[in-house]
Amino acid sequence: MVAAEELLGRFASGELQFKKRNEICRLLGVSSRGGRDALFRLLDEAEAEGKLARDERGRLATPERLGLVTGTVQGSGRGFGFLLREGGPDLFLPPRALHGALHGDTVLARVVGGERGDEAAVYSVVRRGMRRVAGTYYRDGRGGVVEPDERRLGGEIRVRGGVRAASGEKVLVRIDAWPDGRSPEGTVEEVLGRSGDLAAEEEAILRAHGLREEFPPAALREAEKAAAEPVSVRSRRDFRGECVITIDGDHSRDFDDAVTLTREGGVYRLGVHIADVSHYVKRGGEADKEAYARGTSVYFPDRVLPMLPECLSNGACSLNEGEDRYTLSCVMAVDGKGRVTDRTIVRGVIRSSARMTYGDVNAILAGDEALRKRYAPLVPMLEQMRDLAAILRGKRDARGGVDLDLPEAEISVQGDAIEVRARERGVSERIIEEFMILANETVAEFVTGFELPFLYRVHEKPSEEKASAFLEYLKGMGVQARFRPENVRPRDYAAVLDSLEGSPLRAVVNGVMLRSMSKAKYSAENGGHFGLASACYCHFTSPIRRYPDLIVHRVLGCILDGEAERAQKSFASFVQNAAVACSECERRADEAERDVDELYKVWSMRGHVGERFEGVVSGVTSFGLFVELENTVEGRVRVESLPEDEYTYVEERALLQGKRRAYRLGERMEIVVAACDIGARRCEFLPADGAGAPRAAEKQAPARRAAKKGAGRPSAAPRGAGKKARGDGKSAGKKGGGRAPARRRPGGRRKK
């Protein structure tokens, strides 16, 4: 029987292009009923995966031969959408061209040109992106509907049955049908509480993203048994006599990296010790299966959904002060130019000498006498760490690393009180960032030399189309930039940011730059890391909360045990599938964290309705402005709320131009908080210079509204200019993503 790879190969060669299923059976010599059924299943699977498609006559062909492109639909909530493509420019989808596709769906589409040459029409839906949706239930004359929290879905979901709910309750609905030309239909699976209640709204986000708190009993039992094992130094290097410390946030409880540093002459000896999770979580076990399904720990202001059970994540695997712990240790000799001249990677045992916090280390290095006296034995090492981090940062800057350091929120919850402020990033955060980046690069280069299956962290360079669009945007903003879009280099982007140092435009341009980049992902092939200007990179430093790091540890373990051949056989096909699965889990976690952060931000502003704040215009569109306050809360100012004028939106300059005044990205603006829409997770602002008047009370729950149908192309942008993106964080190895600012775990540790 023909295999799937062979079948697709025959399509690629042209032999089977534009043939119907029965004709394909004949050409392949398949005549038995069982053989035909098996072949039809392969063809159906290829169609379901978007590898094949049918033309108007029912003939099968590859999407490329049909002139089709693959992408993900991004809805607008106003009838139209956009087709997002990796490696190509986004395309506009008018309402008439969606053909039943919804936000989040993976589709095949045909480029149709249109007025501006960038329109597409959906040809077929390959995979539905949202099958479970949280929203507010309302009764009507035909039974009931759910208004989704995800407004980009653009309409209501008709309820066909399930758990009974009352109007105004927050529910989770499973979409069962997508009737052509009508609203999706679904079944209510769970009632989560009253719409507008903080706990119900947060729970709805978790459910909508498929996140869960509880671990299966079998996984818990296995983890507890492993955690109870005593620590032994046998067959490991004993580092317990060295001064090893952890540096994390005030509220961190899982410590998966520890560092130590000595200096002899002009050479630094840096030890990066990472929790040896692979010792406790055996491949194929119940805890491992659950960790793979979760992919990553997910961090919210009020809780953490860990990848591993707490007995491991906060217990046996956590490098707690004064306790013996297993590690995979990377010890590097680094010269005065930041070059690694020697490296040793071993299994080790450490005992952390001190649990340090970012705040205390920053204060020590700033000269706090009380803390310097308290931690006197550590002060020389901390000062040497500061010096080495500066050397490493200088080396990365010299090779063109892009510092996408956008403002991030620090959200603290004390009982019912929620405080949002911009997170300050000090010297200690950069120390850990640089040390983790160096360890990740060193391990990646070490393993690559063995030519084994491996999981890389890849950040591809921007496509020519997106780099060209970014260059045009810079010209429109009056920012000088000289680079070739067809071969843009990291140092080209870094030079743009350097030229804007001290300018209010820097943060805005930084955000637009980020959206011009590809999204960082995991890959079985080494494609380098554009943002870090690194030729070879992996995630090694966070195995407690990131499954890709655990894979890296296992491959590394095979090498250390002299069993490279076992790794070749064991991981060859696995890393291909794991790269896709881990990237998807990361995307899901990033979106959930972003949504919950926005919920808490809007909730925190409820008590400030009617108050004045100063912010920066972070987005300009044809329908208004987005303004970001100093605490990172962002809100919308509708164009009708601006002082009366005749406004024209100048897209290439991201400018809203009136006859009497103009609004542009980066300028400061004083606003009044007008309303806080909890359901939409959005603040509404008014300009403080006299236009409009603040409403007396915020919306506690989303009002019932009919689905808006956009009639034509919006003049928006650059699209997404008013939206927060996420990215490739603990620039040191503590998490990752790509088109957006890095997110941090509690305590400020960024992921990269």
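Highest-first packing order for the peptide set 596-609, 241-254 is 596-609, 241-254, based on the mean count of other beta carbon atoms within 10 Å.
Set the Förster radius R0 to 30 Å, insert the Cβ-Cβ distance between residue 194 and residue 84 as r into 1/(1 + (r/R0)^6), and round the FRET efficiency to 0.05.
On the way: r = 34 Å, r/R0 = 1.15.
Computed FRET efficiency for residue 194 and residue 84: 0.30.
Stretching the chain fully between residue 56 and residue 373 yields a gain of 106.2 nm (0.36 nm per residue, less the alpha carbon separation).
Here the stretch 610-687 is treated with +1 on each Lys and Arg Cβ and -1 on each Asp and Glu Cβ, and its dipole about the Cα centre works out to around 100 debye.
Applying the Karplus relation 6.51 cos²θ - 1.76 cosθ + 1.60 with θ = phi - 60° to the stretch 163-174 yields 3J(HN,Hα) values of 5, 6, 9, 9, 4, x, 8, 7, 9, 10, 10, 9 Hz, where x marks Gly and Pro.
In this structure, residue 481 and residue 27 have a Cβ-Cβ separation that, at R0 = 41 Å, corresponds to a calculated FRET efficiency of about 0.15.
As a test of the formula, what do you get for the chain when each DSSP H run with n ≥ 4 contributes -39,500 (n - 2.57) and the sum is divided by the residue count, at 222 nm and rounded to the nearest 500 deg cm²/dmol?
The per-residue figure over the chain is -9000 deg cm²/dmol.
Gap in Å between the Cα centre of the stretch 143-162 and the Cα centre of the stretch 529-582? Distance between centres, Cα-based: 41 Å.
How big is the gap, in Å, between the Cα center of the stretch 245-299 and the Cα center of the stretch 609-635? Their Cα centres are 38 Å away from one another.
Considering only beta bridges that DSSP places wholly inside the chain, some 90 percent are antiparallel.
Between residue 639 and residue 41, the simple label model (points 7 Å from Cα in the Cβ direction) yields a spacing of 5.6 nm. Charge dipole of the chain (Cα centre as origin; +1 on each Lys and Arg Cβ, -1 on each Asp and Glu Cβ, all else neutral): 1460 debye, rounded to the nearest 20. Listed by chain and number, the aspartates and glutamates whose alpha-carbon sits under 16 Å from that of residue 569, ignoring those within fewer than 8 places in the same chain, are 451, 561. Take the alpha carbon atoms of the stretch 320-361, find their center, do the same for the stretch 93-123, and report the distance between the two centers in whole angstrom. Centre-to-centre (Cα) distance: 52 Å. The aspartates and glutamates within cross-link reach of residue 466, meaning a Cα-to-Cα straight distance under 18 Å and a gap of 8 or more places when in the same chain, are 86, 90, 118, 119, 486, 492, 651, 652. Residues of the stretch 572-597 falling in the label zone of residue 413, defined by backbone nitrogen less than 11 Å from a point 7 Å along Cα to beta-carbon, are 596-597.
What's the FRET efficiency of residue 561 with residue 354 using the Cβ-Cβ distance as r and R₀ = 41 Å, to the nearest 0.05?
The calculated FRET efficiency here is 0.80.
Quick note: the coordinates plus some simple rules give every number you see, no bench work behind them. Computed from a predicted structure; not experimentally measured. All Cβ positions, glycine included, derive from the backbone under ideal geometry; neighbour counts span all protein chains shown.
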